[in-house]
Amino acid sequence: MKLKPSLKKELDERDLIFNNIAEYQKLNTQIETIQDNKLNELKTMVDLGSQFFVQAHVPDTKYIYVNVGFGFHVQFTLDEAKNFIQKKVIHLQGMADKHTAEADKIRAHIKMALEAISEIIVNQK
């Protein structure tokens, strides 16, 4: 098993999860803003991809579509969306913690391997 590529893979996967958590938290903040200001309609900028934004008009803010994973989007009320986001963030944080623990194990293996190599070199002199 190659340790450095494995470490990079674990850290990259963890970073993707952290990005997802940040997106869900941003969405939660936007929902709270809509609820706090009692907005019935909304004008916003939407990213179509590659940082290409267009203006959008949301005529009814009672419902929101949320990406629940595997390419599926579900229509939620704002309160339902907040509950889903809370559970999803907890789940994603657990996944990130597993990747962090695995990365820590790999770092420990790398350190042990380097110490073993160093000891072999010292003993050969």
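No value in this document is a laboratory result; all are computed from the given coordinates. Values in this document were obtained by computation on a predicted structure and should not be read as measured data. Glycine also receives a Cβ, built like all others from the backbone with ideal geometry; neighbour counts cover every protein chain displayed.
Looking at the range 39-58 only, could you name the residues that are in a loop (DSSP other than H, G, I, E, B) and among the hydrophobic types (A, V, I, L, M, F, W, C)?
Start the filter on the range 39-58 by keeping residues that are in a loop (DSSP other than H, G, I, E, B), which leaves 39-41, 48-52.
Passing the criteria: 39, 48, 52.
Do the conditions hold for residue 55, that is, is it surrounded by 11 or more Cβ atoms within 10 Å (Cβ to Cβ), on the phi < 0 side of the Ramachandran plot and touching a residue at least 12 places away in the same chain (Cβ under 8 Å)? Working first, answer last.
Numbers: surrounded by 11 or more Cβ atoms within 10 Å (Cβ to Cβ): no; on the phi < 0 side of the Ramachandran plot: yes; touching a residue at least 12 places away in the same chain (Cβ under 8 Å): yes.
The answer is no for residue 55.
Just to be sure I understand, how many residues within the range 59-86 are of a type outside the set (Lys, Arg), assigned to a loop (DSSP other than H, G, I, E, B) and exposed (fewer than 12 other Cβ atoms within 10 Å of the Cβ)?
To start, the set of residues in the range 59-86 that are of a type outside the set (Lys, Arg) comprises 59-61, 63-81, 83-86.
Remaining after also requiring assigned to a loop (DSSP other than H, G, I, E, B): 59-61, 70-71.
So of that shortlist, the ones also exposed (fewer than 12 other Cβ atoms within 10 Å of the Cβ) come out as 59-60, 70-71.
Within the range 59-86, residues that are of a type outside the set (Lys, Arg), assigned to a loop (DSSP other than H, G, I, E, B) and exposed (fewer than 12 other Cβ atoms within 10 Å of the Cβ) number 4.
If we scan the range 104-111, do we find a residue that is part of a loop (DSSP other than H, G, I, E, B), aliphatic (A, V, I, L, M) and either on the phi < 0 side of the Ramachandran plot or touching a residue at least 60 places away in the same chain (Cβ under 8 Å) (or both)?
Taking the range 104-111 as the starting set, the residues that turn out to be part of a loop (DSSP other than H, G, I, E, B) are none.
No: zero hits.
Have a look at 90, 21 and point out the one that is without any contact (Cβ under 8 Å) to a residue 60 or more places away in the chain, farther than 30 Å from residue 112 by Cβ and under 17 Å from the mean Cα position of the chain (by Cα). Let's see the steps before the verdict.
Numbers: 21 fails: without any contact (Cβ under 8 Å) to a residue 60 or more places away in the chain.
After ruling out the rest, the residue left standing is 90.
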